[in-house]
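Encoded as structure tokens, the structure appears first; notes follow it.
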Amino acid sequence: MKKNNFLNQLRYSAFWALDAAKGGKIKTDLTDIEHSFSLDSFELLRKKNEVPLRKLLDNAANHSLYYTNLKDYETLSDFPVVNKNIVKSNLDNLLIRHPGNGKLHTIFTSGSTGTPFTIKQTQRKRNRNTADTLFFAKRAGFTLGDKLLYVRLWSKNLKKGKIPSFLQNIEQIDVEELETGNIKHLLKKLQNDKSPKGWLGYPSALEKICDYLDSIKSKPLDCNIKSIIGMSENLPRHVRSRMWYYFNTPMVSRYSNFENGIIAQQDMDSEYFVINWASYIVEILDFEKDEPAKNGELGRIVVTDLYNHATPMIRYDTGDVGIMSTVSTHPFPILEEVDGRKTDILMNTDGEMISPYAFMGILPKFSEINQVQYLQTGPKEYTIKLNVDSNFCKQKEKEFLKVFTSLVGNSAEVTVHYVNEIPLLNSKKRRITRNLLAEEQKKQKETSTTI
């Protein structure tokens with residue numbers, strides 16, 4: 001225990017010593033982020049953000065071919081909304097060619113569905129992302145130097161070697177290896193290691209750990225877990241409560257993407273998402289036009305990244321949807337909901353959107369269901385894939401369908417398919433809802449735009 005704590009402290013000190021040797025840039029950014037969140041009014045924050053925003057927009061208008069017609073811009077709203085397809089199709093023209101940018105870093109992802117996406121970042125942006133990570137990890141209870149139990153798909157290009165993972169104190173847990181025997185071994189190992197630790201991973205993967213603990217009727221574990229952060233997927237309330245129960249610390253959900261970084265994160269004592277206004281300008285726009293959605297209504301999440309001056313992400317439509325509102329407990333606007341991609345949102349039989357959280361809320365009522373996926377195939381047609389145990393009888397199916405139709409409408413035409421396994425995406429994430437109708441409409445729109 002003393003040895004582990006000493007090593008953790010050593011890692012902490014070494015990190016900041018290295019940063020100091022490089023000019024203390026991460027520390028400066030972290031201090032700046034902390035200052036932004038210490039402000040007591042949104043107006044003060046907007047005035048503070050005006051400096052980096054103007055610098056970004058000026059650089060884009062004067063040094064990017066894509067924005068060359070915007071040299072006389074007045075406000076952010078003069079810039080067009082872009083999306084992933086626009087960025088992919090205009091990478092060279094978008095690039096800000098400024099001599100002060102220095103060496104650029106290329107980052108790549110295969111995407112959740114296997115669609116590759118590449119952008120460039122400045123070192124300044126990478127430093128800011130590191131500072132953002134430290135700030136929001138601390139808000140969730142994690143301390144730099146603690147062991148990080150990182151649960152994700154560890155592909156060859158992502159997997160860290162033994163030395164980097166030791167220095168960063170990362171336990172790389174591959175979602176493809178979360179079988180009963182491996183989970184049992186992992187939990188035993190965690191209970192024997194009394195050093196402070198934090199979970200970071202896909203909620204669907206952490207749910208598998210909870211399922212195992214449920215199966216053995218486990219009591220809360222003494223693993224010295226200090227933080228639990230879910231990422232990359234919607235966090236069902238029943239997963240959040242079970243992780244909290246078994247590991248004795250609150251779980252939060254983080255909203256981030258690879259091309260930007262941490263956009264928002266829940267606090268430990270709330271369900272809303274605190275927006276990272278220190279590093280981004282966030283807008284919620286209407287689904288049909290590039291105008292603000294009404295306060296408190298669902299819309300497209302559009303982000304302006306204040307610190308990437310290589311591939312500028314100005315008014316970038318993330319493809320996700322959410323609701324922005326205000327609460328008395330926080331001085332800045334918050335995201336009341338982050339509901340995933342538009343093609344994950346099901347519509348009821350009247351054409352109105354339903355939050356995926358509504359469907360997640362069905363599961364705790366039916367313990368016999370191991371996995372579920374809800375698909376919309378037409379305006380009033382739905383297919384439900386169910387992986388169930390032997391106790392799920394016809395009566396249970398009737399009860400389940402009654403709850404489902406209460407959400408989508410009694411005129412819904414519902415087909416149930418029983419399956420042995422619901423496949424994960426290429427990224428090994430799980431989508432509980434898929435709107436196949438919206439996916440097809442999106443493909444047709446993209447094809448007509450390309451032509």
Other-chain or far-sequence residues with amide H under 5 Å of VAL416's (modelled H): ILE384
Extended-chain gain in nm, criterion 0.36 nm per residue less alpha-carbon gap, GLN168 and LEU104: 20.7 nm
Proxy reagent accessibility, fewest Cβ within 10 Å first, across MET231, MET268: MET268, MET231
Among LEU235, LEU186, ILE281 the positive-end extreme of the charge dipole of the stretch 2-341 (Cβ point charges): LEU186
Reachable lysines from LYS194, criterion Cα separation under 16 angstrom, eight or more residues apart if same chain: LYS2, LYS3, LYS147, LYS226
Within the chain, percent of DSSP bridges classed antiparallel, to nearest 5: 60
Pairs of lysine residues in the stretch 345-450 - Cα separation under 21 Å, sequence separation of 8 or more or cross-chain: 16
Inter-site label distance for THR31 and ASP222 at 7 Å from Cα along Cβ, in nm: 4.2
For the stretch 1-47 and the stretch 227-299, distance of Cα centres in Å: 22
Among 318-325, 385-392, 137-144, the order from most to least packed when residues are scored by Cβ within 10 Å on average: 318-325, 137-144, 385-392
Theoretical gain in end-to-end length, LEU158 to GLU421 [0.36 nm per residue, Cα-Cα removed]: 92.0 nm
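Laboratory data are not the source of any read-out in this text; all were calculated from the coordinates shown. Fair warning: this is a prediction, and the values are worked out from it, not measured in the lab. Reconstructed Cβ throughout: ideal geometry from the backbone, glycine too, with neighbour counts over all protein chains shown.
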